[in-house]
Amino acid sequence: MNILQINSSARTAGSQSTQLASKITAKLHERHPHAKITMRDLAINPHPFQDEATLQALFTPKDKRSPEQIARVARDDALIAEIQEADIIVLGVPMYNFGVPALLKSWIDAIARAGVTFRYSKNGPEGLLTGKMVYVAMTRGGLHKDTPSDTMTQYLKTIFGFLGMNEVRMFFAEGLALGKEDSESAIRKAQAEIDAAITWKR
Ligand SMILES: Cc1cc2nc3c(=O)[nH]c(=O)nc-3n(C[C@H](O)[C@H](O)[C@H](O)COP(=O)(O)O)c2cc1C
């Protein structure tokens, strides 16, 4: 059993999404005491953006790549290997300007690779990262869940589903900028939901 935790807050300390993601991982660890846990903090190790040089590296045949292109592709390969090996993926995701942090988008751009993590067949697209469970801890300053401003939930379900990960469980802590009382109560509610979900379900 391999658990991979991805922290995508830009904060390396005091991050609310990281704290909730770590709680999910701790609960999973209780259930799977022998699990190997891999922690990837994108604020500490930001993944490079998918710029023109990256696309050129990816689309250059392996044996024709320059040393720089080999090194760039190897960075994406490492993230792909990490998620391929994971049975459970836990993400901490704050809302930044109505979307996922750019740090997380770079990670997603790295792991979505045609022919490796998804492929197109005569039946349409097929995700190749199958048999995995995804847990997401979402934190927001305002209130967005089940409203048009929450495009993140649909986006994450779409991209994970596209890659073959259809079992996605989300936990929300919202209104964290609305004052101490509301914020503390939202965190407590999310923690209780995590306790209940991971004690009784996979
Ligand atoms: C750069 C930035 C942009 C943010 N944009 C939004 C936003 O669009 N909507 C919102 O509700 N909260 C927004 N927030 C508040 C964060 O979503 C909230 O504070 C979250 O808990 C931060 O998570 P973290 O503690 O893991 O970094 C933003 C915060 C930052 C730092």
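Since every read-out is calculated from the coordinates, none of them should be taken as a lab result. Please read these numbers as outputs of a predicted model, since none were measured by experiment. Quick reminder, even Gly has a Cβ in these numbers, built from the backbone with ideal geometry, and neighbours come from all protein chains shown.
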query = What spacing in nm lies between the two simple spin-label points modelled at Leu58 and Val116, each 7 Å away from Cα in the Cβ direction?
reply = 0.9 nm
key: Furthest towards positive pole of dipole, Ala86, Gly124, Val134, structure part segment 77-171, Cβ charges   = Gly124
Only Lys, Arg (+1) and Asp, Glu (-1) charged, at Cβ; the chain dipole about Cα centre in debye = 320 debye
note = Taking a ≥ b ≥ c as the square roots of the Cα gyration tensor eigenvalues, with a/c under 1.5 meaning rounded and otherwise prolate when a/b beats b/c or oblate if not, segment 4-106 comes out oblate
ask   = What pairs from Lys27/Lys132; Lys23/Lys189; Lys36/Lys105; Lys105/Lys189 go past 21 Å between their alpha carbons?
value = Lys36/Lys105; Lys105/Lys189
query = Want the number for Ile80 to Glu68: 0.36 nm per residue separation, take away the alpha-carbon distance, what's left?
reply = 2.4 nm
inquiry  = For the chain, take the longest principal axis of its alpha carbons; what is the angle in degrees between that and the long axis of helix 151-162, to the nearest 10 within 0 to 90?
reply    = 50 degrees
remark   = For segment 34-76 (alpha-carbon point model, no solvent) the Debye-based log₁₀ I(q)/I(0) at q = 0.20, 0.23, 0.26 Å⁻¹ works out to -0.68, -0.77, -0.88
task = Using Cα pairs closer than 8 Å and at least 6 residues apart in sequence, work out the relative contact order for the chain, in percent.
result = 23 percent
